[in-house]
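Working notes, structure below.
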Amino acid sequence: MSFPWARHYEPKQPLMKWLDDRLPLPRFVYNAVGAGYPVPRNLNYFWNFGVLAGAALAIQIVTGIVLAMHFSTDANTAFNSVESIMRDVNAGWFLRYAHANGASMFLAVVYIHIGRGLYYGSYKPPREMVWLLGVVIFLLMMATAFMGYVLPWGQMSFWGAQVITGFFSAIPLVGETIRVWLLGGYAPDAAALNRFFSLHFLLPFVIAGVIILHIWALHIPGSNNPTGVEVKDEQDTVPFHPYYTAKDGFGLGVFLLIFAAVIFFAPNLLGHPDNYIPANPLSTPAHIVPEWYFLPFYAILKSFTIDFIVPAKLWGVLAMFGSILLLFFLPWLDTSPVRSANYRPVYRWFLVALLVDVLILGYVGGAEPIARNIIMGQIASAYYFLHFLVILPIVSAMERPRPLPGSITEAVLSKHGGTSPAQTAMSGGALAPAE
Amino acid sequence: MATLEDAVPGSEVVHDGPADPRRRDYMQIGAVAFAGVGVGVIALPLINQMNPSADVLAASSTEIDVAAIQPGQAIKTTFRKQPLFVRNLTPAEIAAADAVAVSSLRDPQSLADRTKPGKTNWLITLGVCTHLGCVPLGAGEGENKGPFGGYFCPCHGSAYDTAGRIRQGPAPTNLHVPDYEFTSDTVVTVG
C-alpha cells in the first residue's frame, strides 16, 4: 500500500522491462526504499536509526560468516581458535573486533531507535504491529548477543552461560529439567557451546526475516514523523529516494566513523578482561556482569532479595522478563490520541524520568551488590514498572495536550517563519509558549 | 469425493458439491490429524537430541579418596562437570551448625539430614550456588567463608553456614547434596 500520489515504477530500458514482466524485483525495491515510497518531509535525524540498525545487522552477518570460517566450536579448542583469529588469521583481529563491537553498535542504535519510537509515539495506532514486531526483533537480538558472547569460551562467556541458563532453574518443578535440556549437560560444556554456535548462526537470519515483516507493516500506514500528525496530502511527503537515501547515507557515514574509532582505538573498551582467561568451571570471576546492553535488566533481576509467596529468585527472573514483555502492551497502556511527546507537556517529562531511571538501572546492574546499590536498584526497578503500569495510563487520561498543527507542511513552514498556506489560529496554537 | 451412487449415469439429482459434505470434512480432518501426529512424532527426537548425551550421562558417577583431607580442610573436585565441595568439618563447625534452630532456616534441614550417619563431619555438596550457579568461595585455602563460616558466593552475596545451608542473600535453597555413599572408610562414590 502507499499513498495515491506515490510514483510508479516505469522501466525504460528493454532489459529492465523484460525483467519487470518476469520478476518484478526492481519494482519491489523501488516501492520499498526508492522513489515509490512517499515519506513525511519533516523527519529528523532520529529517523536514521532504523536504517543504521539494518546496516549494523548486515555488518554482523558479513563479519560473522567469515569468523565462522576460522572458529572452532569444540570446547577444548574454541578459546584458542579465537586467539588464533586474533594473531594468525589475516586481518582476523579486525574482523573479530568489528564483530564484537558491532554487537554493541547494533544494540546502541536499536536503543535509540526504540527511544525514538517512545518519544514520538510510533507505537500508536495504526502502527501497533510495527512496534510488536520490533519488540520481537529486540528479544531475538538479546538471545543472539548472549549466545555469541558465549562462543569465545572465556571466563565471562562460561559464567554468563551458567548464570543466564540458571534463570530457567527458577521455574518451579520443571526448571532444572529445562536448564539441563538447554545445556545438554549439568553445566555449560561442549554440548552447550556447539548448540549456541548453531543458534547464533541461525538467529540473525530470523532477525532479517522479522525485519522484512517490520518494514512491510510500516509501509501500510507509512512512516510516523516528529509532529505525529498523519500525512494529509502530497505536499506533506517527499519520495524516499533521493531525499532520505541521502539523509540516511550521511547518518551512515557518521555511524561508520564512530564504529571505526571504537574498532581502531578502543576495541576492548566495552569488553571484560576476564574473558581473555580460558573458561574454568571451578572458579567464578570475582565480579560477574553482563555486557553493557543487558545491565538495566540485570539490575531488575538483582533487585529481588526477599521471598514473598514464591522465592526471590523467581520474582527476579519474572520481573526481568516482564520488563521487556511489558513493551508488548505499550500501545494499549498509552491511550492518549496524541502521538508526539512534543505536544504532550506532562508525558515528555515522565519520559525523561524513565530515561534517567533506565540509566540508574544500568549503573546498578554493573555495580557491586552493596546495600546502597541494592536499594537504589529496587527503587529504580519499582519506578520502571510504575511508569508503564500506573503513570502512563493516568497521564494519558489527565493530560491536556498542546494544539497540534493542521498538517505536516504547516508545522514545517511555520517553524521556518515562512507563510503557511493556512497560518491561522490553529497553527498559531502550535507556537504558543509552554503552559 | 465421488461415490458409487454418484457415478451411476442418469441419476436425476444434480449435485453442486459432494452428496454429503461431512464425508469430505471427515477426510480433511483425518488427513490433517494424521499429518499432525507425524509432525509430533518427528518433533520428539528433535527435542530429545538436546538432552544430555550418553557420554555426558556416563560421566555421572565419581569416586573420591577423602583420606588426606584434614579437619577444617575442604577440596574442590568435579561431579558431572560441576564443582563438588568435600569438607571435613571441625567439631566447632559441627557444633555451630547444630546450634541453629532448624525451623528458623529458609530451607529447613539439620546437619544430620545433610550428612551420612556416623560421618557428620563429612559435608559433601555441589559447589554451585543455588541462586544462579556461581561457585561459592570458602573451599579453598584462605578464601572468604562469609559471615556464617561456610561458603560465600561473590556474585550476588549469598552466604551459607558450616552445613552448607543458605542463611543470607538471594539463593532460595541450601547447597545441593548429591547422592553419595561411603564405599569404604575413606572412599566416597558420588552419583
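Here are a few things to note about the model shown:
- Mean separation of Cα contacts under 8 Å, 6 or more apart, over the residue count of chain A: relative contact order %: 20
- Summing charges over all other residues whose Cβ lies under 13 Å from the Cβ of A:Gln378, with Lys and Arg as +1 and Asp and Glu as -1, gives +1.
- In straight-distance terms, cross-link reach from A:Lys247 covers every one of the lysines whose alpha-carbon lies under 28 Å from its own, apart from those fewer than eight places away in the same chain; here that gives A:Lys12, A:Lys124, A:Lys232, A:Lys415.
- The long axis of helix A:92-119 is offset from the longest Cα principal axis of chain A by roughly 50 degrees.
- Order of A:Met156, A:Met86 - criterion: other Cβ atoms within 10 Å of each residue's Cβ, fewest first: A:Met86, A:Met156
- Exposure proxy ranking, count of Cβ atoms within 10 Å, fewest first, for B:Trp122, A:Trp153: B:Trp122, A:Trp153
- Selection from A:Asn373, A:Ser414, A:Leu330, by position along the positive dipole direction of the range A:290-416 (Cβ): A:Ser414
- Take every pair of alpha-carbon atoms less than 8 Å apart whose residues are at least six positions apart; their mean separation over the length of the range A:290-416 yields a relative contact order of 36 percent.
- Helix-only CD estimate at 222 nm, as mean residue ellipticity for chain A, using -39500 (n - 2.57) per DSSP H run (n ≥ 4): -19000 deg cm²/dmol
- C-alpha center-to-center spacing [the range A:188-220, the range A:244-277] in angstrom: 22
- Expressed as a whole percent, the proportion of Cα-Cα pairs in the range A:290-416 lying more than 21 Å apart is 49%.
- Measuring nothing but how far apart in sequence close Cα pairs (under 8 Å, 6+ apart) lie, relative to its length, chain B scores a relative contact order of 18 percent.
- Rounded Å value of the spacing that divides the Cα centres of the range A:7-65 and the range B:116-182: 59
- Positive-end residue, chain A charge dipole about Cα centroid, Cβ charges, pick of A:Leu118, A:His272, A:Ala246: A:Ala246
- Sorting A:Asp21, B:Asp98 by the number of Cβ atoms found within 10 Å of their own Cβ, with the fewest placed first, yields A:Asp21, B:Asp98.
- The local environment of A:Glu10, defined by Cβ-Cβ distances under 12 Å, has a net charge of +3 under the rule Lys, Arg +1 and Asp, Glu -1.
- Chain A: most fluctuating residue of A:Ser122, A:Ser303, A:Ser72 per GNM, C-alpha cutoff 10 Å: A:Ser72
- Sparse-neighbourhood loop sites, GluC sites (Glu not before Pro) in the range B:69-167 - DSSP loop, at most 15 other Cβ within 10 angstrom: B:Glu141, B:Glu143
- Proximal lysines to B:Lys76, defined as alpha-carbon separation beneath 30 angstrom and excluding residues fewer than eight positions away on the same chain: A:Lys302, A:Lys313, B:Lys116, B:Lys119, B:Lys145
- Per residue of B:166-172, other chain Cβ atoms within 10 Å of the residue Cβ number 4 on average.
No value in this document is a laboratory result; all are computed from the given coordinates. All values reported here derive from a predicted model rather than from experimental measurement. Cβ atoms come from the backbone with ideal geometry, glycine included; neighbour counts cover every protein chain shown.
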